[in-house]
1. Of the numbered conditions (1) without any contact (Cβ under 8 Å) to a residue 40 or more places away in the chain; (2) not in a helix (DSSP H, G or I), Asn200 satisfies every one except a single condition; which is it?
2. In a helix (DSSP H, G or I), buried (at least 17 other Cβ atoms within 10 Å of the Cβ) and free of Cβ contacts under 8 Å to residues at least 12 places away in the same chain: does that describe Ile8?
3. Can you work out which of the residues in the range 373-404 that are modelled with pLDDT under 95 and among the acidic types (Asp, Glu) is farthest from Tyr36 (Cα to Cα)?
4. Mind checking which residues of the range 382-414 are outside any helix (DSSP H, G or I), closer than 26 Å to Leu284 by Cβ and either touching a strand residue (DSSP E or B) at 6+ places or on another chain (Cβ under 6 Å) or among the charged types (D, E, K, R) (or both)?
5. Could you please find all residues in the range 249-285 being surrounded by 13 or more Cβ atoms within 10 Å (Cβ to Cβ), polar (S, T, N, Q) and outside any helix (DSSP H, G or I)?
6. Where the second residue is assigned to a helix (DSSP H, G or I) and the first is among the aromatic types (Phe, Trp, Tyr) and lies in the range 270-283, which pairs have Cβ atoms under 8 Å and are six or more apart or on separate chains?
7. Check whether at least one residue in the range 349-361 is outside any helix (DSSP H, G or I), among the aromatic types (Phe, Trp, Tyr) and either crowded, with 17+ Cβ neighbours inside 10 Å or in contact with a strand residue (DSSP E or B) (Cβ under 8 Å, 6 or more places away or on another chain) (or both), and report yes or no.
8. Which of the residues spanning the range 245-279 are basic (Lys, Arg) and over 21 Å from Met393 (Cα atoms)?
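The values are calculated or read from the model by the stated rules, or taken from the named source; none is laboratory data. A quick note: this is a predicted structure, and the numbers were derived from the prediction, not measured. Ideal geometry is used to build each Cβ from the backbone, glycine not excepted, and the neighbour counts take in all protein chains shown.
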Amino acid sequence: MLSYFFLIIATVGFAAIAYYRPLFSLYLIAGLLPTYLIRFNLLGLPLTWLEAMIIILAVVLLIKKQVDFKQIQKDVFFWPIIAILAAATLAVIVSPDKLHALGAWKAYFVEPAVFYWLLLSIITVRRQLEGLFWALGVSVVYLALSAIVQKIFVVGVPEAFLNAAGVVDRVVSFFGYPNALGLYLGPIVVVFLGFLYYKNADSLLLYLSNAWRFWLKSSVVILGLLTIVWAQSEGALLAVIIVGWLMLVFQKKTRYWALILLVLSVIVLIANAGLRDFFLTKVLLQDWSGQVRLAIWGETWAMLKDHWFFGAGLAGYPLAIIPYHANAWMEIFPYPHNILFNFWSELGLVGVAAFLWLGIKYFWLNLKNIFAAGWSYSEKMPFDRLASFVFLMAGLEIIIHGLVDAPYFKNDLSMLCWLLVAAASLNIKLKK
């Protein structure tokens, strides 16, 4: 009963913020993406607090007639989004688990698309766009602080992630498993790395000096990386390292040192047999985690050969894979842990084509914008070109990590992906 009382207070408070300060409510949503973990029922309908905030803001803006339908329809990603929503709807129809499929349809597609359109309607100047990323940085800080508390005091960690001595082996923060941290934190760390040295004269944080902003961004990067390491999210760590190295290569001042770093790393790997064996074991998927993924992919491929067009249907993978589950030593996972297999099994080839359409437009939009910069990444680039480069790198991090995991099919991750796409679109729109 008490929890519902606090829920009512929070709802009224957020509704007031949405009415009087819609931009700030957007920042609250961006900074509170992990609140999908707060779940409740409203008239028998399961909801999360993240969903509630999006619905409240959308209703308020509709009442105030502040949803910019013309801007939405003119948006460069409008038709790819419609195609994705259509593919997701078709995937619900063919799914063997309609109830869970409807929940996934609502949380992973409809609400992120609504949030995307609200972003287009509310953000009208460049400095407002910056606030979204400061809000994401706040989420990194509180997730990291929670992980630090877990690491020191061993609280809130499932037994599976403690070692034999009862010490924390892998932190989970507020999530139920460690990789959730890597999937969420990886793209945000890349964004803050990209903007680390940028001195924005039109910053939202007008009262803070460039030095203060630099240290705030550095804190987000350090805390995010530390949490990824403590979570032992190897896919996220490798993706961030690769993308971070590419950032060094594209910047003239650091290109020479990046190449030296690469050469020295190769020499060390060749000279040190232990490190070389460890690296090859991980890259060639010869460790336990790699063997599990190879087994998952083998079973998924066998299933997709029989369901090549529609896939398993939305939320249908755990049921569809049962006849193909030949590895009794391994549990059935919700998704195949590969970005292509994830979309193929959930949305079929129609969904894969729709997301390819969106992805190609996303990368081409950003590439086209930075082309005039001579492909040279620098903090001296105009903001819109630097932002395009950073958004490219964040998208690349998601794809690299997605080779061995599921970087989209979760409430916070789908919202994060759409936020990045919206930021790329707004960046082009607002550069004038």
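1. For Asn200, the exception is condition (1).
2. Criteria not met by Ile8.
3. The selected residue is Glu379.
4. Asp405
5. Gln251
6. Pairs found: Phe279/Leu269.
7. Within the range 349-361, none of the residues are outside any helix (DSSP H, G or I), among the aromatic types (Phe, Trp, Tyr) and either crowded, with 17+ Cβ neighbours inside 10 Å or in contact with a strand residue (DSSP E or B) (Cβ under 8 Å, 6 or more places away or on another chain) (or both).
8. Hit for the range 245-279 is Arg276, nothing else.
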